[in-house]
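To start, the structure itself, in structure tokens.
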Amino acid sequence: MSRPMRYAASRLQRPAALLHFSTSRMARPTMSRYSRLYPHGGFDGNNYRRIAAMTSGARGLSFFPGKLIAKMVRVPAAAGGAVVAGLAYVNYQVQEAAGYTQKQIDAATEWLSDTASTVKDGIDSISTPDWLKSLFDGGSKDASNAPASGKDESKTHNNNDESSGGGSGGDGGGGGEDTALAAAGTAAAVSSMNDSTDTEERIAASTSKMMLLTKKMIEIRGILQEIANNGSGSSSLTRVQLPSIVVIGSQSSGKSSVLEAIVGHEFLPKGNNMVTRRPIELTLVNSPDAAAEYGEFPALKLGKITDFSQIQRTLTDLNLAIPDSEAVSSDPIRLNIYSPHIPDLTLIDLPGYIQLAAADQPESLKTKISALCDKYIEAPNIILAISAADVDLANSTALRASRRVDPRGERTIGVVTKMDLVEPQRALEILQNKNYPLQMGYVGVVSRIPSSRASNGLLFRLGSGSESTDIGAVIARNEENYFSHHPEFSQVLENGKADLLPAGARLNEQRPTLGVINLRNKLMRTLEKTMAKNLQPTCDAIHQELEETAYQFKVEYNDRPITAESYLAQSLDAFKLSFKEFAGKFGREQVKSMLKSELDQYVLDLLAQRYWNHLEPTNSNSQAEVANAIVRAISDLPNASRDDVYWLRQLDACVSSLTKSGVGRTSTTLVSNALSGEMEHLLNSGSFKTHPFVKTVIQDATNEILNSRFYSTADQVENCIKPYKYEVEVEDREWSRSREHAFALLKEELRQCEHAYGVLQKSVGGGKKLAQVETFVEKSIKGQVKVEDANEVYGFSQALLDRGREGIFLSKRADILRLRMQALKSKQCRSENRFYCPEIFLDVVADKLTQTAVLFLNVELLSDFYYHLPRELDVRVGHGLSSAQIEHFAREDAKVRRHLELQEKKQKLEMATEKIEGVIAMQKTHR
């Protein structure tokens, strides 16, 4: 049987007295419907889903088949009854009426009989009482016998017409009265059904309005909370506090069980020790279109978590992160749960009250918990005071705390858990408590989850079929079994049914109710009512904050919008422009100058090693020093023969070392390091200086491009300088240019030597002191004095002696440089003469190596790098970053972060304003 027909059957099975138009009787059919949805305060797992569907689609009730049929039948039936009665009376008074009038009467009677028959056929398909069947039988029998009697009546009618012109009016009037009676009964039943349907529609509309307002206010609350979390809320917003439901109670009073029964899942931390150490701000969001139930931790960015055991582990870890020495923290944990089976609520679970601190807990723990709870139970929050039934309410810490801040009990709902642990009469007395009255009343629940052993008994039977994973449904069925098993709770159960009536028909909220479902409904109504009171103050505060933010945004940024993407594109374009400027400045000439300078230093090292480092042999010289020393002094070179083998070997060794020193690898490494260094400089001084992540991305791209070209470039350079390893031809212009360069190089080296010698003199106390030390060192080399006597006899320390040896070296090196500078200026080195002028010849070789290497470095490395890097930047930075990375990039800059935060605050306030104005307009419409 379909649900509409079942509903009609339940309506029609009531006594005939219910058809009277009594207001008190009209309410009971509505209660009957809802008692089927919530039998004795419980539900079968899908009850709340039905109510949610009815609530979210209140307009759908207008298409209810029973109501549609009723409306189609009601008007014709009532009108037909009245017409037939009137026509029968006229027919009785005027028996000689014309034949035309009689035909109209017969047509109306036949139409009414068909209507009654149609209604009866619909009712026959339902289990209807005899008294109602008999109501329609009269008209039906007449209608069924109409064809047979119609012929006789027709004959009689004709005969009467012939004889006296009428005579059947009396019989026709009697059939009309029976049909009218059936029509009247049908109209009364249809009217009753229609009135009941209207009551249901008002209930659904009222509930729908309540859920919509709560959902909108929770959304507004979330927006304001986001603004506050960003630290951009002003005093006007901090004064506004949208109400939440704060759950308080002693440890082991059943707080967690009540919350989990409301949600329908086990998700709160549990343990022997104190595991709830931080406030848990729980937001329940009714999501009819959600594919699955899930939770989110907004601050942790963990995404959607569909496994509620994972939510429980996360909450446990977050709570246990508070050390035992502190025990509690005021830093809240925010958790959002989305499900089609839950109402829109905001709940705050707080640490449970304790009487004494444990040995491993701080002595001030009790005071800290009380202070934390007092902070949250201030107005306008709703207090859900949890107390166990097996504990005297006079000792309830939750009620005692609520009375401190809510002495009149206007914001407190009392919840008595563990109702099955006391006698039913005692439980009823607790719910009807007169010593601690609450204007919102008490709700008795049996919210604990039954164990497997208890589920086999009477009170905790899960029913046939598979065991439900929705603990809310299981608890509701257990509560139904328990409360319905004890007749003492019958009146309280009726209170719970009456709670489903519209707001105008509800009883006093102070009366007690039973069951988690009724508790959930009470929380929804109370939160909606409390939020409605705060609508206008909240709207005024949001308007004020929006005006201040809009003015600030106009003054500071001239209403100029910005996005993270636009800032990234702007920064990338600025960096590309800087890179383009660098590429125009760092070309072939710069690479040549850098590489030539590197080879010049290498040439000076070769000259010092092969020509300048002459060591005069003495008795104190070691064998290694003598082996590595230059046997002949550079001063002998100008007078040596061209065929002198010693000097020829020295020159060949220098050229071979220079050409085989790995110029290809050296030059490629030099240029690569220069490019990397310049890129780092651009990053540290340009638009990306405050963005370490993007800097790393660009540096990685730079290194990858350079490394990919390193070996091929080095090999190309090495292959091209191979001819210089065997023969070097020198032109006159090359020799002349290298002569000047070599002279300048030696001059700079002499300047550095003289500067170093001057610094050395100052470090030992002057030139005179240094000369004394140098004299002692020279005598010790010749064996004239002992080094052991330096400290005792002459007062020279070992460090001072080292300074003396360094001074002697610098003096001799300066003398050699002056000598070689004179040689380069002489006629002997004016034209090509590599034998006597090795400095000039080595400079020519270094210059040739530099020019050859630069050609391939420019083609193989520089041009390739300048071409590929901008494109890699577009791929990796312009298009390769995720939305989260782009947002993080923009907020790394303090100025941009400030701009974005103010802009987002303005947008969120505009959104909140639009939502709250819509809620206020909706309220005005429904008044």
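The values are calculated or read from the model by the stated rules, or taken from the named source; none is laboratory data. Since this is a predicted model, take the numbers as computed values, not measurements. Quick reminder, even Gly has a Cβ in these numbers, built from the backbone with ideal geometry, and neighbours come from all protein chains shown. Note: accessible area is taken over every heavy atom of the protein model, side chains too, but ligands, DNA and RNA are not part of it. Shrake-Rupley method; radii C 1.70, N 1.55, O 1.52, S 1.80 Å.
Looking only at segment 365-382, which residues are under 16 Å from MET440 (Cβ atoms) and either open to solvent by 10 Å² or more (accessible area, probe 1.4 Å) or touching a Phe, Trp or Tyr at 6+ places or on another chain (Cβ under 9 Å) (or both)?
Filtering segment 365-382 for residues under 16 Å from MET440 (Cβ atoms) gives 377, 379-382.
Across segment 365-382, the qualifying residues are ALA379, PRO380.
Can you find a residue in segment 330-347 that is among the hydroxyl-bearing types (Ser, Thr, Tyr) and open to solvent by 20 Å² or more (accessible area, probe 1.4 Å)? Outline the logic, then answer.
Within segment 330-347, the first condition is being among the hydroxyl-bearing types (Ser, Thr, Tyr), and the residues that meet it are 330, 338-339, 346.
Filter again for open to solvent by 20 Å² or more (accessible area, probe 1.4 Å), leaving 330, 338.
Within segment 330-347, one or more residues are among the hydroxyl-bearing types (Ser, Thr, Tyr) and open to solvent by 20 Å² or more (accessible area, probe 1.4 Å).
Scan segment 383-404 for residues that are open to solvent by 40 Å² or more (accessible area, probe 1.4 Å) and aliphatic (A, V, I, L, M) and jot them down.
Of the residues in segment 383-404, the ones open to solvent by 40 Å² or more (accessible area, probe 1.4 Å) are 390-392, 394-395, 400, 403-404.
VAL391, ALA394, listed by residue number.
This table checks each residue for (1) among the hydrophobic types (A, V, I, L, M, F, W, C); (2) over 30 Å from ASP843 (Cβ atoms).
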{"site": "GLU680", "(1), (2)": "no, yes"}
{"site": "VAL694", "(1), (2)": "yes, yes"}
{"site": "ALA701", "(1), (2)": "yes, yes"}
{"site": "VAL717", "(1), (2)": "yes, no"}
{"site": "SER738", "(1), (2)": "no, no"}
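When you check LEU855 against the structure, is it out of contact with any Ser or Thr (no Cβ under 6 Å at 6 or more places or on another chain), farther than 30 Å from CYS654 by Cα and either of a type outside the set (S, T, N, Q) or at pLDDT 90 or above (or both), yes or no?
Values: out of contact with any Ser or Thr (no Cβ under 6 Å at 6 or more places or on another chain): yes; farther than 30 Å from CYS654 by Cα: no; either of a type outside the set (S, T, N, Q) or at pLDDT 90 or above (or both): yes.
Judged against the criteria, LEU855 is not a match.
For (1) closer than 20 Å to GLY472 by Cα; (2) among the polar types (S, T, N, Q); (3) touching a helix residue (DSSP H, G or I) at 6+ places or on another chain (Cβ under 6 Å); (4) assigned to a helix (DSSP H, G or I), each residue gets a yes or a no:
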site: SER256; (1), (2), (3), (4): yes, yes, no, yes
site: PRO298; (1), (2), (3), (4): no, no, no, no
site: THR314; (1), (2), (3), (4): no, yes, no, yes
site: ASP324; (1), (2), (3), (4): no, no, no, no
site: ARG334; (1), (2), (3), (4): no, no, no, no
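With respect to ARG897, is the statement that it is within 60 Å of the chain's Cα centre (by Cα), open to solvent by 30 Å² or more (accessible area, probe 1.4 Å) and in contact (Cβ under 8 Å) with a residue 40 or more places away in the chain true?
So ARG897 fails the test.
Conditions tested, residue by residue: (1) open to solvent by less than 40 Å² (accessible area, probe 1.4 Å); (2) in a loop (DSSP other than H, G, I, E, B); (3) at negative phi; (4) touching a Phe, Trp or Tyr at 6+ places or on another chain (Cβ under 7 Å).
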{"site": "SER253", "(1), (2), (3), (4)": "yes, yes, yes, no"}
{"site": "ILE262", "(1), (2), (3), (4)": "yes, no, yes, no"}
{"site": "ASN273", "(1), (2), (3), (4)": "no, yes, yes, no"}
{"site": "PRO288", "(1), (2), (3), (4)": "no, yes, yes, no"}
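Within segment 844-869, work out how many residues are open to solvent by less than 10 Å² (accessible area, probe 1.4 Å) and more than 60 Å from the chain's Cα centre (by Cα). Reasoning before the result, please.
From segment 844-869, those open to solvent by less than 10 Å² (accessible area, probe 1.4 Å) are 844-846, 849-850, 853-854, 857, 861-862, 865, 869; that's our starting set.
Imposing the further condition that a residue be more than 60 Å from the chain's Cα centre (by Cα) reduces the set to 844-846, 849.
Selection size over segment 844-869: 4.
Residues in segment 856-876: is at least one of a type in the set (D, E, K, R), over 26 Å from SER687 (Cα atoms) and touching a residue at least 40 places away in the same chain (Cβ under 8 Å)? Even if it seems obvious, please write down each step before you answer.
Applying the first criterion (of a type in the set (D, E, K, R)) to segment 856-876 yields 860, 864, 871-872, 874, 876.
Filter again for over 26 Å from SER687 (Cα atoms), leaving 860.
So of that shortlist, the ones also touching a residue at least 40 places away in the same chain (Cβ under 8 Å) come out as 860.
Among the residues of segment 856-876, at least one is of a type in the set (D, E, K, R), over 26 Å from SER687 (Cα atoms) and touching a residue at least 40 places away in the same chain (Cβ under 8 Å), which makes the answer yes.
Going by what's in this entry, would GLU429 be described as surrounded by fewer than 20 Cβ atoms within 10 Å (Cβ to Cβ) and under 37 Å from the mean Cα position of the chain (by Cα)?
Numbers: surrounded by fewer than 20 Cβ atoms within 10 Å (Cβ to Cβ): yes; under 37 Å from the mean Cα position of the chain (by Cα): no.
So GLU429 does not fit the description; no.
Would you tally the residues in segment 647-672 being surrounded by 13 or more Cβ atoms within 10 Å (Cβ to Cβ) and more than 30 Å from LEU862 (Cα to Cα)?
Of the residues in segment 647-672, 6 are surrounded by 13 or more Cβ atoms within 10 Å (Cβ to Cβ) and more than 30 Å from LEU862 (Cα to Cα).
How about segment 705-759: which of its residues are among the acidic types (Asp, Glu), part of a helix (DSSP H, G or I) and within 17 Å of LEU658 (Cβ to Cβ)? Quick ask: steps written out before the conclusion?
As a first pass, look at segment 705-759 and keep what is among the acidic types (Asp, Glu): 715, 718, 727, 729, 731-732, 734, 740, 748-749, 754.
From the residues that got through so far, the ones that are part of a helix (DSSP H, G or I) too are 715, 718, 732, 734, 740, 748-749, 754.
Hits for segment 705-759 are GLU718, GLU734.
Of all residues in segment 678-706 being of a type in the set (Ser, Thr, Tyr) and open to solvent by 60 Å² or more (accessible area, probe 1.4 Å), which is farthest from ARG588 (Cα to Cα)? Before you say what the answer is, go through the steps one by one.
Going through segment 678-706, the residues of a type in the set (Ser, Thr, Tyr) turn out to be 685, 687, 690, 696, 702.
Keeping just the survivors that are open to solvent by 60 Å² or more (accessible area, probe 1.4 Å) gives 685, 696.
On the way: SER685: 25, THR696: 28 Å.
Among residues in segment 678-706 that are of a type in the set (Ser, Thr, Tyr) and open to solvent by 60 Å² or more (accessible area, probe 1.4 Å), the one farthest from ARG588 (Cα to Cα) is THR696.
Give the residue, chosen from VAL777, VAL728, VAL785, that is closer than 30 Å to SER826 by Cα and β-branched (Val, Ile, Thr).
Residue meeting the stated conditions: VAL728.
Looking at LEU675 and the list (1) more than 21 Å from LEU824 (Cβ to Cβ); (2) open to solvent by 40 Å² or more (accessible area, probe 1.4 Å); (3) at pLDDT 90 or above, which single condition is not satisfied?
For LEU675, the exception is condition (2).
Would you mind listing the helices (runs of 4 or more DSSP H) fully within segment 815-917 where at least 3 residues are closer than 22 Å to SER566 by Cβ? Full working, then the answer.
On the way: elements: 838-857, 863-873, 883-891.
Answer list for segment 815-917: 863-873, 883-891.
Could you list, in sequence order, the residues of segment 492-506 that are surrounded by fewer than 20 Cβ atoms within 10 Å (Cβ to Cβ), assigned to a loop (DSSP other than H, G, I, E, B) and either of a type in the set (A, V, I, L, M) or modelled with pLDDT of 90 or more (or both)?
LEU501
Grab the helices (runs of 4 or more DSSP H) fully contained in segment 507-593, keeping just those with 2 or more residues being touching a residue at least 12 places away in the same chain (Cβ under 8 Å) and open to solvent by 40 Å² or more (accessible area, probe 1.4 Å). Full working, then the answer.
Details: elements: 516-533, 535-557, 564-585.
Helices (runs of 4 or more DSSP H) meeting the threshold: 535-557, 564-585.
From the list TYR646, TYR711, exactly one residue is among the hydroxyl-bearing types (Ser, Thr, Tyr) and farther than 30 Å from SER826 by Cα. Which is it?
Answer to the check: TYR711.
Would it be correct to say that PRO450 is surrounded by fewer than 20 Cβ atoms within 10 Å (Cβ to Cβ) and either within 21 Å of SER244 (Cβ to Cβ) or modelled with pLDDT of 90 or more (or both)? Even if it seems obvious, please write down each step before you answer.
Working: surrounded by fewer than 20 Cβ atoms within 10 Å (Cβ to Cβ): yes; either within 21 Å of SER244 (Cβ to Cβ) or modelled with pLDDT of 90 or more (or both): no.
So PRO450 fails the test.
Among the residues of segment 903-916, what is the count of those that are crowded, with 18+ Cβ neighbours inside 10 Å and within 21 Å of the chain's Cα centre (by Cα)?
So the answer is 6.
Restricting attention to segment 348-361, which residues are out of contact with any Lys or Arg (no Cβ under 8 Å at 6 or more places or on another chain) and open to solvent by 40 Å² or more (accessible area, probe 1.4 Å)?
Matches in segment 348-361: ALA358, ALA359, ASP360.
Taking only segment 776-808 into account, find how many residues are without any contact (Cβ under 8 Å) to a residue 12 or more places away in the chain and surrounded by 15 or more Cβ atoms within 10 Å (Cβ to Cβ). Don't jump to the end; show me each part of the working.
From segment 776-808, those without any contact (Cβ under 8 Å) to a residue 12 or more places away in the chain are 779, 784-786, 788-789, 791-793, 795, 797-799, 802; that's our starting set.
Next, only the ones that are surrounded by 15 or more Cβ atoms within 10 Å (Cβ to Cβ) stay: 785.
Count: 1.
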